[in-house]
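J.: Below is the structure I would like to discuss, written out as structure tokens.
The values are calculated or read from the model by the stated rules, or taken from the named source; none is laboratory data. None of the values given here were measured: they were computed from a predicted structure. Backbone-built Cβ (ideal geometry, glycine too); neighbour counts: all protein chains shown. In case anyone asks, the SASA skips ligands and DNA or RNA and just uses the protein heavy atoms, side chains included. Shrake-Rupley method; radii C 1.70, N 1.55, O 1.52, S 1.80 Å.
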Amino acid sequence: MEHFDVSDLTDLMEGIARGRYETHARHAPLVFQAVDSGDEVAIAALKTISRGLGDLACGVIRQLKLESEEFDVVMAGSFYKGSPLIAETMREVIHPVAPGATLVRLEAPPVVGSVMLGMEQGGVDFTLLRQPLIESASRLLAEKEGVVEGEE
């Protein structure tokens, strides 16, 4: 409400419904800030979204028959950086189905996976190139974003 400078929830909801206010993915940090400040509505919304993501993961786990296996559930994307509540809630949903699942954040740029899949399709063994690919892609992205090693 503060971001859109509205006085009450009714005005905000009506404004969104009538197109006076547009919500965008760039507004997600506002939700995370509200979660961090203890806002119950924001916490409930984030938990609902996170349970949904956990349910989607469980669907894939069941389809692949991985319930009794040990494996990583890789969380890729900046959304997962928003709050530790996301992984906590997803874990609560996934572990009853697959207790051997470990939730991990993707530290490599997502493009690396695409490159490795392409190499695999071309018959190239990428295993020795995996780490150099991650390092070079990370360096290129950091340079593009203006973050040079040692500066922050």
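J.: Does segment 14-25 contain at least one residue that is basic (Lys, Arg), under 20 Å from Leu106 (Cα atoms), out of contact with any Asp or Glu (no Cβ under 7 Å at 6 or more places or on another chain) and surrounded by fewer than 14 Cβ atoms within 10 Å (Cβ to Cβ)?
T.: Checked segment 14-25: no residue is basic (Lys, Arg), under 20 Å from Leu106 (Cα atoms), out of contact with any Asp or Glu (no Cβ under 7 Å at 6 or more places or on another chain) and surrounded by fewer than 14 Cβ atoms within 10 Å (Cβ to Cβ).
J.: Still on this structure, please answer the following. Would you check which residues across segment 49-68 are charged (D, E, K, R) and either more than 12 Å from Val97 (Cα to Cα) or exposed (fewer than 12 other Cβ atoms within 10 Å of the Cβ) (or both) and list them?
T.: Arg51, Lys65
J.: Among the residues of segment 87-119, count how many are open to solvent by 70 Å² or more (accessible area, probe 1.4 Å) and farther than 24 Å from Lys65 by Cα.
T.: Going through segment 87-119 one residue at a time, the tally reaches 4.
J.: Further question: Using the structure shown, decide if Phe71 is on the phi < 0 side of the Ramachandran plot, within 22 Å of the chain's Cα centre (by Cα) and of a type in the set (Phe, Trp, Tyr).
T.: yes
J.: Inspect segment 70-86 for any residue being assigned to a loop (DSSP other than H, G, I, E, B) and open to solvent by 60 Å² or more (accessible area, probe 1.4 Å) and give the result as yes or no.
T.: For segment 70-86, residues assigned to a loop (DSSP other than H, G, I, E, B) and open to solvent by 60 Å² or more (accessible area, probe 1.4 Å): present.
J.: With (1) modelled with pLDDT of 95 or more; (2) more than 30 Å from Glu145 (Cα to Cα); (3) among the polar types (S, T, N, Q) as the list, and Ser7 as the residue in question, which single condition is left unmet?
T.: Unmet condition: (1).
J.: Further question: Scan segment 4-35 for residues that are over 19 Å from Leu103 (Cβ atoms), of a type outside the set (Val, Ile, Thr) and under 17 Å from the mean Cα position of the chain (by Cα) and jot them down.
T.: His24, Ala25, Arg26, His27, Ala28, Pro29, Leu30, Gln33
J.: Which of the residues spanning segment 31-46 are polar (S, T, N, Q) and surrounded by 13 or more Cβ atoms within 10 Å (Cβ to Cβ)?
T.: Correct list: Gln33 only.
J.: Among what's in segment 1-13 and is of a type outside the set (Val, Ile, Thr) and either touching a Cys at 6+ places or on another chain (Cβ under 7 Å) or not in a loop (DSSP other than H, G, I, E, B) (or both), pick the residue that is least open to solvent (accessible area, probe 1.4 Å).
T.: Leu12
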